[in-house]
1. Find, to one decimal place in angstroms, the Kirkwood hydrodynamic radius of the range 111-216, where the mean of 1/r is taken over every pair of different Cα atoms and then inverted.
2. Whole number please: convex hull volume per residue of the Cα set in the range 1-53, in Å³?
3. Send over a whole-number figure in Å² for the accessible area per residue of the range 87-216, probe 1.4 Å.
4. Dipole of the range 131-216, Cα-centred, from +1 at each Lys and Arg C-beta and -1 at each Asp and Glu C-beta, to the nearest 20 debye?
5. Under the rule of -39500 (n - 2.57) per DSSP H run of 4 or more residues, summed and divided by the residues of the chain, what mean residue ellipticity at 222 nm is obtained, to the nearest 500 deg cm²/dmol?
6. Quick check: with the 1.4 Å probe, what order do 70, 27 take by accessible area, largest first?
7. In sequence order, what are the phi-derived ³J(HN,Hα) couplings for the range 165-178 according to the Karplus relation 6.51 cos²θ - 1.76 cosθ + 1.60 with θ = phi - 60°, rounded to whole Hz, with x for glycine and proline?
8. Roll a 1.4 Å probe over the protein heavy atoms and report the accessible area of residue 64 in Å², nearest 10.
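The values are calculated or read from the model by the stated rules, or taken from the named source; none is laboratory data. Because the structure is a prediction, the values reported are computed rather than measured. Using ideal geometry, Cβ is built from the backbone for each residue, glycine included, and neighbour counts are taken over all protein chains shown. For the accessible areas, the whole protein counts, side chains as well, though only heavy atoms, and no ligand, DNA or RNA atoms are used. Shrake-Rupley method; radii C 1.70, N 1.55, O 1.52, S 1.80 Å.
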Amino acid sequence: MENKVAYAILALIFLSSLALNSYVLFYKPLHEEAYFSLREIAHIEENFTPITKDELSYGGREIEEPFLFYYILAMAAKLNASVVKIVAALFIASIALVVFFISNSFTSKSLSLIPAVFAGFLPAVFKINIISANSLAFLILLLLVYSFFRLEDKRFLYLFIILSFTLPLTSFLSIFFIFGILVFLLIAAIEGKKLSALEWEALLFSVFVNVLVILL
C-alpha cells in the first residue's frame, strides 16, 4: 500500500512538473539561449542540416557542438510547433522520475520523493532555459548513473551501452561525465572498494566511447 501511495505521488509530481514547465515555455519570456535552440530546430526541420555558422552573432561564429537534441525536437516540430515545447518540458519532468529511482537505491520511497520534487520544479521556478541540449543531457547522465547501479540486469547493461553513445552526441557535458568516472574510480581506490569485472568494463567502455565521439 505504501508503495502504491509513493508511486501515485511520484506520478503527480511528474505531471505537475510537466504542466508547470510547459506553462513557463508557452506563457513566459524565453531565455536568450532558447531562441538559438528554436532557430537550430527550425533550420534542421527545413534543411535537415544544423547551423554550422551563426550569422546573427557578432562577427559570426562557428557552431561546433553535438546536434542530437535539435534533431529530436526537429522531428517533433514536424508534428506541430507546439510539440517542441512539450517535448522539452517532458525531458525536464522525466528527470524527477530518474532522480526518484536513483534515490530509492539508497533510501526509502517516501524520502526519495523529496529530491524528485526539487529535480522536477527547480528549472521552472528559477526560469532555467529548458529548451537546451543540456536538459536532455542531464536526463541521459542520470539514466547512466541509475543503469550503472543495475548492470547485473542485462536490460540496464544494454541501456548503459546505448546511453554511453548517446550522451556525447547530445552535449559536451559528456566531458564532465568522463571526469566524474575518473573521480569515482579514484575514490573507490582510496576507500578500497572493489568493483566487479562488469563494472570495470562498463566504465572503461563508457570513457572510451565518450572520448572517441567527442574527438570525432
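1. Working: mean 1/r = 0.0667 Å⁻¹.
Taking every pair of different Cα atoms in the range 111-216, averaging 1/r and inverting gives 15.0 Å.
2. On the way: hull volume 6.3 nm³, N = 53.
Per-residue hull volume (Cα only) is 120 Å³.
3. Details: 6860 Å² over 130 residues.
For the range 87-216, the solvent-accessible area averages 53 Å² per residue.
4. Values: 5 positive and 5 negative charges, 15 e Å.
For this selection, approximately 80 debye.
5. Values: 9 runs with 166 residues, N = 216.
Result for the chain: -26000 deg cm²/dmol, rounded to the nearest 500.
6. Numbers: 70 10, 27 160 Å².
Final ranking, largest accessible area leading: 27, 70.
7. Those phi angles translate into 7, 6, 4, x, 7, 9, 7, 6, 4, 4, 4, 5, 5, 4 Hz.
8. Approximately 150 Å² of residue 64 is accessible to the 1.4 Å probe.
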